[in-house]
1. Please determine whether any residue of the stretch 97-120 is within 31 Å of the chain's Cα centre (by Cα) and over 23 Å from residue 149 (Cβ atoms).
2. Let me confirm something: among 142, 39, 123, which residue is open to solvent by less than 50 Å² (accessible area, probe 1.4 Å), touching a residue at least 40 places away in the same chain (Cβ under 8 Å) and more than 23 Å from the chain's Cα centre (by Cα)?
3. Can you confirm whether the stretch 110-120 contains a residue that is open to solvent by 10 Å² or more (accessible area, probe 1.4 Å), in contact (Cβ under 8 Å) with a residue 40 or more places away in the chain and either out of contact with any Gly (no Cβ under 8 Å at 6 or more places or on another chain) or within 25 Å of residue 30 (Cβ to Cβ) (or both)?
4. Where the second residue is among the basic types (Lys, Arg) and not in a helix (DSSP H, G or I) and the first is within 19 Å of residue 136 (Cβ to Cβ) and at pLDDT 95 or above and lies in the stretch 164-191, which pairs have Cβ atoms under 8 Å and are six or more apart or on separate chains?
5. Mind checking which pairs have a first residue in the stretch 402-414 that is at pLDDT 90 or above and a second that is open to solvent by 80 Å² or more (accessible area, probe 1.4 Å) and not in a loop (DSSP other than H, G, I, E, B), Cβ under 8 Å, 6 or more apart or different chains?
6. Just to check your reading of the model, which residue among 296, 326 is at pLDDT 95 or above, under 16 Å from residue 101 (Cα atoms) and of a type in the set (A, V, I, L, M)?
7. Looking at the stretch 71-151, what strands (runs of 3 or more DSSP E) fall wholly within it and have at least 1 residues that are more than 22 Å from residue 21 (Cα to Cα) and aliphatic (A, V, I, L, M)?
Amino acid sequence: MHKIISKTNDIVVTWSTFNDTIESRAQYGVNEMDKEALGHSKLFTDGGPEKRSQWIHRVLLKDLKHDTRYVYHVGSEYGWSEDFWFKTPPAGEDWVVRAAIFGDMGNKNAHSLSYLQDEAQRGHFDVVLHVGDFAYDMHDEGARVGDQFMRQIQPLAAHVPYMACPGNHEEAYNFSNYRARFSMPGAHESLYYSFDLGPVHFVSISTELYYFLQYGLKVLEGQFRWLQRDLAEANKEKNRSKRPWVVLFGHRPMYCSNSDDIDCSFEYTRRGLPIFGAYGLEPLLKEYGVDLVIWAHEHSYERLWPVYDEKVYNGSLEQPYTNPGAPVHIVTGSAGCQERTDPFKPNPPSWSAFRSTDYGYTRFRAHNRTHLYMEQVDVDLKGEVIDSFWLVKDHHRTYEGLAPVHLITGSAGCQEGRDHFKRNPNKWSAFRSQDYGYTRFKTFNRTHISIEQVSVDLGGQVIDKFWLIKDRQLKN
């Protein structure tokens with residue numbers, strides 16, 4: 001059994017039975033179960049040779065009271081589950097959102113599971129983000145491994161909304177086990193969706209659509225167009241003023257420095273599909289000012305400096321995560337599975353800030369509209385926090401100045417004459433001249449540079465001028 005958020009005061013409860021119970025019922029209430037909701041069920045048949053089937057039940061609990069503890073159980077006249085509880089989030093946006101975040105947790109060697117269960121039942125989390133790769137694998141043994149995994153996470157997922165995205169280990173039979181067992185919001189079979197919680201707009205995507213193209217380009221293009229629309233809507237002033245933090249999560253990372261995975265070189269989600277370069281997502285992160293990007297897939301933990309196009313844009317040398325010039329990426333895929341942890345390359349890239357191959361999970365706290373805190377819990381070290389940082393943003397908006405300024409000044413004069421321009425300038429071209437001339441460059445201080453173009457044809461007249469102003473130091 002697990003729960004997900006439909007809207008902030010709606011909860012969807014999902015469970016499965018091997019028999020058709022005719023009805024799907026949830027009884028719930030405050031202190032006592034004095035309310036009842038009816039839902040529906042659907043027959044799911046695994047794609048393996050056994051064609052093993054089960055019924056997936058879903059019930060929507062609507063218009064719940066905010067900031068309230070509910071008790072509930074689910075079932076039918078043929079039998080009921082044990083009793084569970086959950087707590088709804090406060091109303092509005094001005095409260096601290098607490099999340100557990102991890103990926104790559106299997107039903108074997110699930111090192112972090114007991115820690116997560118304990119924290120969830122103590123009321124430490126408002127939501128869980130499982131960033132792909134479940135069970136290893138849900139379809140194995142006629143989907144019995146999936147059944148085992150869902151029972152394992154029940155002490156966690158029955159109490160806290162369990163939000164997920166698909167990973168490569170869910171691919172079998174076109175992600176059928178994932179689609180059937182999880183009930184994420186939206187109309188896209190849990191592959192991609194978004195939801196709001198407090199001051200945060202969470203966006204979940206499927207990175208696997210870039211790698212399993214046998215299922216067609218249509219769903220990949222659909223996700224890309226949907227993501228553009230979703231981020232554009234989140235960036236409208238009325239929305240971003242209420243929920244300034246935009247957090248995107250998906251399974252395979254755009255950046256990683258592990259030594260045993262070719263994905264750290266391909267990065268299709270960042271660069272787009274091979275050959276064509278289509279549907280690259282990193283420009284959207286820049287355009288819509290995504291604050292934090294969370295990945296898994298690599299069985300390790302890695303925190304990055306603020307980065308765009310492999311260049312670091314720290315807020316300052318002293319406070320790199322205060323008003324950074326690019327999104328911050330986190331890779332947290334070490335919750336535990338039978339494939340063990342992944343090693344790193346010996347020399348980290350310039351954008352890699354901290355790395356660990358210990359098992360663990362990530363805690364997330366959105367304290368308010370300007371301060372967000374994250375820390376990595378090391379399960380190998382019995383719950384010790386091995387890494388933490390504050391992300392501080394006075395303004396949440398499009399990242400500007402994420403590229404160098406280019407000048408071409410080759411008109412001093414030679415016997416080959418002048419070069420002609422195309423009739424229609426490219427969109428990146430700001431000013432053009434065929435006059436003979438040269439460029440003056442002045443560095444005024446650590447933040448201001450002046451550049452101007454002198455036209456000799458016009459007797460030394462300045463025909464173009466601009467100031468380049470940088471109010472923060474960048475680490476390259």
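The values are calculated or read from the model by the stated rules, or taken from the named source; none is laboratory data. What you are looking at is a predicted structure, and each value in this text was computed from that prediction instead of being measured. Note that each Cβ is placed from the backbone with ideal geometry, even for glycine, and that neighbours are counted across all protein chains shown. Protein only, heavy atoms only, side chains kept; ligands, DNA and RNA dropped before computing areas. Shrake-Rupley method; radii C 1.70, N 1.55, O 1.52, S 1.80 Å.
1. Taking every residue of the stretch 97-120 in turn, at least one turns out to be within 31 Å of the chain's Cα centre (by Cα) and over 23 Å from residue 149 (Cβ atoms).
2. Details: 39 fails: touching a residue at least 40 places away in the same chain (Cβ under 8 Å); 123 fails: touching a residue at least 40 places away in the same chain (Cβ under 8 Å).
Only one candidate passes the filter, namely 142.
3. Of the stretch 110-120, the ones open to solvent by 10 Å² or more (accessible area, probe 1.4 Å) are 110-111, 113-115, 117-119.
Still in the list and also in contact (Cβ under 8 Å) with a residue 40 or more places away in the chain: 110-111, 113, 115.
Of the ones still in play, those that are also either out of contact with any Gly (no Cβ under 8 Å at 6 or more places or on another chain) or within 25 Å of residue 30 (Cβ to Cβ) (or both) are none.
No, the stretch 110-120 contains no residue that is open to solvent by 10 Å² or more (accessible area, probe 1.4 Å), in contact (Cβ under 8 Å) with a residue 40 or more places away in the chain and either out of contact with any Gly (no Cβ under 8 Å at 6 or more places or on another chain) or within 25 Å of residue 30 (Cβ to Cβ) (or both).
4. That search, which allows pairs on different chains as well, returns 167/252; 168/252; 180/42.
5. 409/438; 411/438; 412/438
6. Values: 326 fails: under 16 Å from residue 101 (Cα atoms).
That would be 296, the only listed residue that is at pLDDT 95 or above, under 16 Å from residue 101 (Cα atoms) and of a type in the set (A, V, I, L, M).
7. Details: elements: 84-87, 97-102, 127-131.
Those strands (runs of 3 or more DSSP E) span 97-102, 127-131.
Okay, residues lined up against (1) farther than 22 Å from residue 235 by Cα; (2) charged (D, E, K, R); (3) out of contact with any Pro (no Cβ under 8 Å at 6 or more places or on another chain); (4) open to solvent by 10 Å² or more (accessible area, probe 1.4 Å):
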{"site": "288", "(1), (2), (3), (4)": "no, no, yes, yes"}
{"site": "311", "(1), (2), (3), (4)": "yes, yes, yes, yes"}
{"site": "325", "(1), (2), (3), (4)": "no, no, no, no"}
{"site": "328", "(1), (2), (3), (4)": "no, no, no, no"}
{"site": "331", "(1), (2), (3), (4)": "yes, no, no, no"}
